[in-house]
Amino acid sequence: MTLLEVQKTLQAELLTLNVDLSRDVSSACASDLMSDVLAFHSPNTLILTGLTNQQTIRTVEIADAVGVVFVRGKRPENEIIEFALKKQIPLMTTNYCMYDASGLLYAKGLSGVTEQVRNFHKRND
Amino acid sequence: MIENDVLIQEYSIKGWDFSRAGEASCEIKDSLKQIGIPQDVLRRIAIATYEAEMNVVMYAKSATLRCEISPELIIITFDDKGPGIENIELALKPGYSTATPEIREMGFGAGMGLPNIKQNADSFNISSVVGKGTKLEMRFNLTH
Ligand SMILES: Nc1ncnc2c1ncn2[C@@H]1O[C@H](COP(=O)(O)OP(=O)(O)OP(=O)(O)O)[C@@H](O)[C@H]1O
Ligand SMILES: [Mg+2]
């Protein structure tokens, strides 16, 4: 699934205008805890979150995520959007709640990071 | 700075400075990318460095971050002045966190940072003196 399909599925508004939405999304991670996202990372993951601070953008950069969908109609401050734009990181916002947004994407075939979660705990035993 | 074929970069990190939190880790990631470090190990280095940097921002007063690059090995060390860690074994358990509600509101405090650093580094060492500070060293092999 591409970012453009994500945007359509979630009727999301693109906050970072003119960024490339043709990129492929490999999986999705829905969390308000960035350390969880960083523990269960896989490249080109889409982050679904209600967390609108700068650390969300840093997490994208650090973990090679593909972009962010803010759920529940959350919107970061302009400063954060500009920071993301500089790095060409796609940000969108949708009025769906986390559960519905995740369900809609899952129904279209986008899977989560359960395998990474299992591997993390296995390695930690 | 270059010493015996080892390139050394140093950064200073300030505690509780959330506006710049993660900047040093992103700079290190960019410069390692430029010298051609493969994506997989690059991501592991970036994640471990970032988690350690966030811990300094959240819990310590200040730290020196040192990145040593040699052809076979990258060594990242954080040397911080701060409260130290009383029980390191406990701190390494997934889910253990002393994060304040303020920190949790910012999306941290899952107690996943140190366990994740341990998993991403090829080797990892932590030592701490309560009331003085914490020293964290992580190593990443570039040859397998
Ligand atoms: N540099 C440090 N100085 C003092 N205490 C630390 C330091 N790093 C970690 N700790 C202690 O160890 C605990 C566990 O750290 P860890 O990074 O695993 O989780 P966290 O920071 O609480 O949450 P998360 O990393 O998931 O956001 C912290 O809550 C804190 O009490
Ligand atoms: Mg942490």
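The values are calculated or read from the model by the stated rules, or taken from the named source; none is laboratory data. The model shown is predicted, which means the values in this text are computed figures rather than measured ones. Cβ placement follows ideal geometry from the backbone for every residue including glycine, while neighbour counts extend to all protein chains displayed. Only protein heavy atoms, including side chains, enter the accessible area calculation; ligands, DNA and RNA are left aside. Shrake-Rupley method; radii C 1.70, N 1.55, O 1.52, S 1.80 Å.
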Worksheet entry | Size of the A/B contact, given as accessible area buried on both chains, probe 1.4 Å, in Å² | 2200 Å²
Fill in: By accessible area with a 1.4 Å probe, ligands and nucleic acids excluded, highest first: order of B:GLU86, A:GLU77
B:GLU86, A:GLU77
Practice prompt. Take each uninterrupted DSSP H stretch in chain B, measure its Cα extent along the helix axis, and return the ones at 18 Å or beyond whose mean Kyte-Doolittle hydropathy is at least 0.0.
Written response: B:39-59
Fill in: Charge dipole of the range A:3-123 about the Cα centre (unit charges at C-beta), most positive-ward option of A:TYR96, A:SER111, A:VAL68
A:SER111
Worksheet item: Given charges of +1 on the Cβ of Lys and Arg and -1 on the Cβ of Asp and Glu, with all other atoms neutral, how large is the dipole of chain A about its Cα centre, in debye to the nearest 20?
Response: 120 debye
Worksheet item: With every protein chain left in place, what is the accessible area of B:ILE103 in Å² (1.4 Å probe, nearest 10)?
Response: 10 Å²
Item to complete: With +1 on each Lys and Arg Cβ and -1 on each Asp and Glu Cβ, and nothing else charged, work out how big the dipole of chain B is about its Cα centre, in Debye to the nearest 20.
Response: 300 debye
Worksheet item: How many lysine pairs does the range B:6-141 hold where the Cα atoms are under 28 Å apart and the two sit 8 or more places apart or on different chains?
Response: 29
Worksheet item: At 222 nm, what helix-only mean residue ellipticity would chain A give, in deg cm²/dmol to the nearest 500, using -39500 (n - 2.57) for each DSSP H run of four or more?
Response: -12000 deg cm²/dmol
Worksheet item: How would A:ILE47, B:ILE75 line up by accessible area, probe 1.4 Å, largest first?
Response: B:ILE75, A:ILE47
Item to complete: With just the Cα atoms of chain B, tell me how far they stretch along each of the three principal axes, in Å, largest first.
Response: 42, 27, 27
Worksheet item: In chain B, with Lys and Arg counted as +1 and Asp and Glu as -1 at Cβ, which of these residues, B:ILE45, B:VAL6, B:TRP16, has the Cα nearest the positive end of the dipole, that is, farthest along it?
Response: B:TRP16
Worksheet item: Ignoring ligands and nucleic acids, what accessible area does A:PHE83 show with a 1.4 Å probe (Å², nearest 10)?
Response: 30 Å²
Discussion item. Can you give me the accessible area per residue for the protein assembly as shown, using a 1.4 Å probe, in Å²?
Written reply: 49 Å²
Worksheet item: Stokes-Einstein D for chain A at 20 °C, 1.002 mPa s, Kirkwood Rh over Cα pairs, in µm²/s?
Response: 150 µm²/s
